[in-house]
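Here is the structure we will look at, set down as C-alpha cells.
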Amino acid sequence: MKFFIDTADTDAIRDLIPSGFVDGVTTNPSLIAKSGRDFKEVVQEICAFVDGPVSAEVTALDTKGMIEEGKRVAGWADNVCVKLPLTWAGLEACNALSAQSISTNVTLCFSANQALLAAKAGATFISPFIGRLDDIGEDGCDLIAEIRILYDNYGFDTEILAASIRSLEHMENCALIGADVATAPPNVIRDMANHELTDKGLAAFMADWAQSGQNI
Ligand code: E4P
C-alpha cells in the first residue's frame, strides 16, 4: 500500500521524507488556498523533492478548460498528476488527457458507479472520499470495498486512492480492504506509529537498563 501525504504544507512533507513513507502527495484547491502560496510554485517545489506522483487539481468546470489547464499543470514537472473532479466534464477531460499519457486522479468520488466511469475513462487514480461519507452518516470504507470488488471483477488498472482519511481506523480498514494508496494528513501518518503499550514497554525497558548501569 502506498502512502500519499494530503497537504500543501511543504515543510510538513519535508519532515516526513526521512521516514521513507512518502510515496506521493495530494493537494486540492482548499489546501493550496490554506497554504497562502502560489499554486504553481508550491506544486513545483513539492515535485522537486518528492519521488512520486503529486496531484494538482484543475479549477475549470468545462471539458475544454479542464483539458487546457490539465496540460498546463502537467507541464510543471514530470511527476505532476492532473486532478479532475468527478463530473461529466471531468470524465471527458480524463479520457482526453489519459489518451495523451497524462497521469490523472479523478477526485470527489462518492459512489461505485462514479468509480466505474472513472476507470473506463482511463483514470490513473480514483479518489473516493471516506471521511465526507462518514460525515453524512454513511460508512466511507464500504465504498472502498465496493470499488475494490468492481475493479478486480474487470481487471481495471486504475488505482484506488482512498482519500478524506481522518483516523487510524480509516487507515487500517483501507489496508485490510486492499486500497492501492491511502492519502492522509501528516498527523494521521505519524499517529500510526503510536501505541500506549509501546510507550509503557519502552519506559520499563529504559528504567531496567538504567538500573543495570551499562552503556552501548
Ligand atoms: C484528497 O485528495 C483530498 O485532498 C482530501 O483527502 C480531502 O480530505 P477532507 O475531506 O478531509 O478535506
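Observations on the model:
- Helix-only CD estimate at 222 nm, as mean residue ellipticity for the chain, using -39500 (n - 2.57) per DSSP H run (n ≥ 4): -15500 deg cm²/dmol
- Taking every alpha-carbon pair under 8 Å whose residues sit at least 6 apart, the range 78-139 reaches a relative contact order of 31 percent.
- Under 24 Å from Lys2, Cα to Cα: lysines that are on another chain or at least 8 residues apart: Lys83, Lys120
- Highest GNM mean-square fluctuation among Asn194, Asn113, Asn79, for the chain modelled with Cα contacts below 10 Å: Asn194.
- Positive-end extreme of charge dipole, the chain - chosen from Tyr151, Ile102, Gly36 (charges on Cβ): Ile102
- Close amide H contacts of Val25 (hydrogens built in the peptide plane, cut-off under 5 Å, sequence separation of 5 or more or a different chain): Ile5, Val54, Ser55.
- For the peptides 172-183, 131-142, 35-46, the ranking by mean Cβ contacts within 10 Å, running from highest to lowest, is 172-183, 35-46, 131-142.
- For the chain, the solvent-accessible area works out to 52 Å² per residue, with a probe of 1.4 Å and every protein chain left in place.
- For the chain, the dipole from Cβ point charges (+1 on Lys and Arg, -1 on Asp and Glu) about the Cα centre works out to 480 debye, to the nearest 20.
- Pairwise centroid distance, computed over Cα atoms, of the range 121-173 with the range 6-41, Å: 21
- Helices that extend 15 Å or more along their long axis by alpha-carbon positions and average at least 1.6 on the Kyte-Doolittle scale are absent among the DSSP H runs of the chain.
- For the residues Ser101, Ser167, Ser55, a GNM of the chain with alpha-carbon springs under 10 Å puts the largest fluctuation on Ser101.
- Across the chain, the mean sequence separation of Cα contacts (distance under 8 Å, 6 or more residues apart), normalised by length, yields a relative contact order of 17 percent.
- Rolling a 1.4 Å probe over the protein heavy atoms of the chain, with every protein chain left in place, gives an accessible area that is 52 percent carbon and sulfur.
The values are calculated or read from the model by the stated rules, or taken from the named source; none is laboratory data. This one's a predicted model, so the numbers in the text were calculated from it and none came from an experiment. Glycine also receives a Cβ, built like all others from the backbone with ideal geometry; neighbour counts cover every protein chain displayed. Quick note on the areas: whole protein, heavy atoms, side chains included, nothing else; ligands and nucleic acids left out. Shrake-Rupley method; radii C 1.70, N 1.55, O 1.52, S 1.80 Å.
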